[in-house]
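Each remark here refers to the structure printed beneath this line.
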Amino acid sequence: MLSTATRATATLFLSAAGLKLLLQPAYHSTDFEVHRHWLALTSSLPLSEWYVDESSQWTLDYPPLFAWFERTLALGAARVDPAMLVVSTAPYASAATVAYQRSTVVAMDLLLLLGATSLAAATARWAATKPSPTAHLLSAAVAFLDAGLMLVDHVHFQARALPTAHTVLPTLQEKKRHNCVNPRNRQLRARARH
């Protein structure tokens, strides 16, 4: 049985994802072609050429972890529209390509969901209180309905949800590890509960 907080968070996520999917036919910036080209680059060229290829003005200038992320996304892209993975100077934007790229941004929101709800639960634990359904829902709402993040991720295809989640989740893990290792922290939390 799912808790009220879990159901509310899932409903919010699905509503936000639905809203974002409604943006499928909306405007997309030149960053759409940048990321499409990077999908093509990382899937078609050997690693040694990723950062030196000049077949397009959109050279790969993001860190290697993001390049590997693009290569991973290219695995699904090959099934959706193999033509989007052709390295060329001409832009390419089929309906399937736009839908795929927007859908990958929505999929990355799942990591943000994990980070936001984990942060809400951890905050409640640190405060030695019962996790509030409102806190979970508020964390998820801030994460999924942030207009800036929506604009950057869904119009410019920057996938900012990924580094945000990548920052929050390891921080929470480190905090959890620190609390497990440090007996003083356990004692303080136990005292606060009584």
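Each reported figure results from applying straightforward, stated rules to the coordinates on display, with no laboratory input. Quick caveat, the model's predicted, so the values are computed rather than measured. With ideal geometry, Cβ positions are generated from the backbone for all residues, glycine too; neighbour counts draw on all protein chains shown.
If the chain linking Thr4 and Ser44 were pulled fully straight, counting 0.36 nm for each residue of separation and taking away their Cα-Cα distance, it would gain 9.8 nm. When only alpha carbons are used to place a centre, region 84-114 and region 29-58 end up 14 Å from one another.
For the pair Tyr51 and Leu21, label points projected 7 Å from Cα toward Cβ lie 3.8 nm apart.
So what is the relative contact order of region 29-92, in percent, for Cα pairs below 8 Å that sit 6 or more residues apart? Once divided by the residue count of region 29-92, the mean separation gives 48 percent.
Using a 7 Å offset from Cα along Cα-Cβ at Thr89, what residues in region 32-60 end up with backbone N under 11 Å from the label point? Under 11 Å, as judged by backbone N against the label point of Thr89, lie 55-57 of region 32-60. 3J(HN,Hα) along region 68-73, derived from phi through the Karplus expression 6.51 cos²θ - 1.76 cosθ + 1.60 where θ = phi - 60°, amounts to 5, 4, 4, 5, 4, 4 Hz, with x in place of Gly and Pro.
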